[in-house]
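The values are calculated or read from the model by the stated rules, or taken from the named source; none is laboratory data. Remember, it's a predicted structure, so these values are computed and weren't measured experimentally. Please note: Cβ atoms are built from the backbone with ideal geometry, for glycine as well, and neighbour counts cover all protein chains shown.
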Amino acid sequence: MFGDFWSFIQTLVLILVSCFIYFIPYMVASYRRSRNTLWVFIINLFFGWSLIGWVAALIMAFMGDTYQIGQCPYCMSYINSKARKCPFCCEWLDAEGGGNVKNNAAAEDTAKAAPEAER
């Protein structure tokens, strides 16, 4: 009776671990805030079953620019640090492309802690 249950649990764990390993390139691209995260996901989803597709997706995840988070000086929203216009308050930023955006390493930590501070 319990043999079937444990084989089911083992199969379920194997499937979950396999899915985790399969989508490592997408998780890396998402964690790095890569500009080509969507393409990494598409290539990983459709071609990741082959080793070549999986390695290509992993290489794409580590290559390319990443988005940098900054803060709008007008509405204090967290935006792309190279933005020319804030998408939240629609204020134009510096003409050089985000020179007025406050770009600091602690912006991400503050963005995560902001909902907790409002409580």
**Candidate set: the stretch 38-60, residues that are touching a residue at least 24 places away in the same chain (Cβ under 8 Å) and not aromatic (Phe, Trp, Tyr); chosen: the one nearest to Ser18 (Cα to Cα)** = Gly48
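Scan the stretch 46-67 residue by residue and report those that are assigned to a helix (DSSP H, G or I) and over 16 Å from the mean Cα position of the chain (by Cα). Even if it seems obvious, please write down each step before you answer.
Step one: of the stretch 46-67, the residues assigned to a helix (DSSP H, G or I) are 46-47, 51-62.
Within the stretch 46-67, Phe46, Phe47, Leu51, Ile52, Gly53, Trp54, Val55, Ala56 meet the criteria.
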**Message:** I'd like the full set of residues that are assigned to a loop (DSSP other than H, G, I, E, B) and either loosely packed, with under 10 Cβ neighbours inside 10 Å or modelled with pLDDT under 90 (or both), limited to the stretch 1-35.
**Reply:** Met1, Arg33, Arg35
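How many residues does the stretch 68-84 contain that are of a type outside the set (A, V, I, L, M, F, W, C) and in a loop (DSSP other than H, G, I, E, B)?
So the answer is 7.
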